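The values are calculated or read from the model by the stated rules, or taken from the named source; none is laboratory data. What you see is a predicted model, and the numbers here were worked out from it, not measured in a lab. As a convention, Cβ positions derive from the backbone with ideal geometry for all residues, glycine included, and neighbour counts pool all protein chains shown.
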């Protein structure tokens, strides 16, 4: 396993908790609405090749939220500042679910931030046929049920989701959920202008989706693919919303192939 | 010491039986409105409004109305509509609107002028309750629960300024912005109609009520908890250098009177509908993420020992969520509540669930003739 450190990045006075590890060129990972799940197998594999920066978004877990930060575009503005603070530019980025929305917004509005972009089960575009599942009106246990197609094929499922949580962890999870509500309540998990803005993206982009994603329909992957010039879409069979947890080996291969 | 007694009903569409209610996770938010029959509702409204009118005649000093959305438990979807009807139908009772949901409003000056218009039509009888809306209203209005409290406060500040500051003025707030706040309609009562706020236990609400010297109304709360909340109000007021009198405290409870205890216990069972299905629902409906602060979560848990919809008829009476009996019995219980809490207003949900017109009218009559006068000493 690659060693990682927990670092605090001070972005204009806002302290952002960041997991950092590995070696090689920088790679930014942006987590989903539920929060940063830590240094999982798939993250570790990416750190074999790259220096991974895996922050908890402002307002999540130990990261502070500046008062002005209320929306996904605010989050994108914040992250361009974060990258500037670290002296990073033109780097590789992977965004998971809501983190994919943040990454798309950054790529669409700041064309020198990233050199390659991967979006995994990303929200941000409203599907035409289905709907993005409303995760706020159901319980965290119900969210978890929707997240996986078959939890038994996810090697880290028990370690991440199946164990007893401490009261502190429960508080963090509740706080994360509140931050997601702040950012994504309305319009729910999408922004009508994103599709048009994505026409600006001119870097290699790959979408990765679980075919059985019950949270963000594969149709959303197709819409991203259509909106971004020269992108591709990789769909995993028998896989839900979190390919990086449910099918880590396939995910690692796809990610490393693309990012290389 | 005198006591203002208010008549209250949520104007329930109570034609939802146990079998139907049990098929759905809740009677709130997502219970299909295909079960609504507007023609039945026309008859119900006529009946409920007649009962309000009779309550004034019978001797209630005030009439209380509220609003909820997406639920058969409360057909009143807009207190300012019912307020308008009552303003014209009645002539002396206070009209307590408890209240307008501020956070879900996108147009505070419009609310300010609507309430002002009611105050004008009623000749200054409006008591303006300001509410956050229970959690489920954030869903119904799709209003972000994270902003509930700050929108409540900003909406309130703008309404009060609208009532008390000659227009036109500009407002550039976080959630509301206006170029020219200048409604023609301003209230009769000066500086503005009395403002009330209901509480279910959040310490922030008590603190806010003290800051503005508003009447704090405890809703269906255990007596011991209500005592703590009122005590906290009095302490904070004392620290701020003023004494909070009974006019700052109101207590809401379901109440039913019949000729004898035996008859009342039988007819009062109708309240079990109100205490049952309408209170059922997933946690997320009642507490959308961000709606309660950490302190609010703890306070809400302390509000009562177990959920009301898990209490038996007897337990509801023991815990003072429901008072049922002959005039004599009810007088005794309500006197006890009045003395324990030091309240100036008692809000009696007198019609609840499928309680019939006949039973409701008799209860109103007995309250007017016997209960209300006996609570005045």
Any idea how many residues of segment B:332-360 are within 22 Å of the chain's Cα centre (by Cα), more than 14 Å from residue B:1 (Cβ to Cβ) and surrounded by fewer than 20 Cβ atoms within 10 Å (Cβ to Cβ)?
5
How many residues are within 25 Å of residue A:113 (Cβ to Cβ) and more than 15 Å from the chain's Cα centre (by Cα) if we restrict to segment A:202-219?
3
Flag if residue B:97 is in contact with a helix residue (DSSP H, G or I) (Cβ under 7 Å, 6 or more places away or on another chain), under 26 Å from residue B:274 (Cβ atoms) and part of a strand (DSSP E or B)
yes
Residues of segment B:124-147 being away from chain A (no Cβ under 11 Å), more than 18 Å from the chain's Cα centre (by Cα) and assigned to a helix (DSSP H, G or I), in sequence order, are B:140
If I filter segment B:172-184 for residues that are assigned to a helix (DSSP H, G or I) and more than 20 Å from residue B:69 (Cβ to Cβ), do I get at least one hit?
no
When you look at residue A:151, is it buried (at least 17 other Cβ atoms within 10 Å of the Cβ), more than 14 Å from every other protein chain (Cβ to nearest Cβ) and farther than 30 Å from residue B:138 by Cβ, yes or no?
no
Say we look at segment B:258-284 and pick out the residues that are within 11 Å of chain A (Cβ to nearest Cβ) and without any contact (Cβ under 8 Å) to a residue 24 or more places away in the chain; which of these is farthest from residue A:181 (Cα to Cα)?
B:283
When only residues in segment A:99-145 that are within 14 Å of chain B (Cβ to nearest Cβ) and touching a residue at least 40 places away in the same chain (Cβ under 8 Å) count, which is surrounded by the fewest Cβ atoms within 10 Å (Cβ to Cβ)?
A:134
Of B:197, B:188, the only residue that is part of a loop (DSSP other than H, G, I, E, B) and modelled with pLDDT of 95 or more is B:188
Residue within segment B:64-82 that is part of a strand (DSSP E or B), within 28 Å of residue B:157 (Cα to Cα) and within 18 Å of the chain's Cα centre (by Cα) present
yes
When residue B:37 is run through (1) closer than 25 Å to residue B:122 by Cα; (2) surrounded by fewer than 16 Cβ atoms within 10 Å (Cβ to Cβ), the failure sits at (1)
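So that you can scan it fast, the table gives a plain yes or no per residue for (1) outside any loop (DSSP other than H, G, I, E, B); (2) in contact (Cβ under 8 Å) with a residue 60 or more places away in the chain; (3) surrounded by fewer than 24 Cβ atoms within 10 Å (Cβ to Cβ):
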{"site": "A:10", "(1), (2), (3)": "yes, yes, yes"}
{"site": "A:36", "(1), (2), (3)": "no, no, no"}
{"site": "A:46", "(1), (2), (3)": "yes, yes, no"}
{"site": "A:61", "(1), (2), (3)": "no, yes, yes"}
Would you call residue B:19 in contact with a strand residue (DSSP E or B) (Cβ under 8 Å, 6 or more places away or on another chain) and in a helix (DSSP H, G or I)?
no
Would you confirm whether or not segment B:285-295 contains a residue that is surrounded by 20 or more Cβ atoms within 10 Å (Cβ to Cβ), touching a residue at least 12 places away in the same chain (Cβ under 8 Å) and away from chain A (no Cβ under 14 Å)?
no
Go through the residues of segment A:185-198 one by one and say whether even a single one is more than 14 Å from chain B (Cβ to nearest Cβ), crowded, with 20+ Cβ neighbours inside 10 Å and more than 26 Å from residue A:63 (Cβ to Cβ).
yes
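Yes/no matrix, rows are residues, columns are (1) within 14 Å of another protein chain (Cβ to nearest Cβ); (2) touching a strand residue (DSSP E or B) at 6+ places or on another chain (Cβ under 8 Å):
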site: A:160; (1), (2): no, no
site: A:165; (1), (2): no, no
site: A:174; (1), (2): yes, no
site: A:182; (1), (2): yes, no
site: A:201; (1), (2): no, yes
site: A:206; (1), (2): no, yes
site: A:213; (1), (2): no, no
site: A:225; (1), (2): no, yes
site: A:229; (1), (2): no, no
Odd one out for residue B:363, checked against (1) surrounded by fewer than 24 Cβ atoms within 10 Å (Cβ to Cβ); (2) in a helix (DSSP H, G or I):
(1)
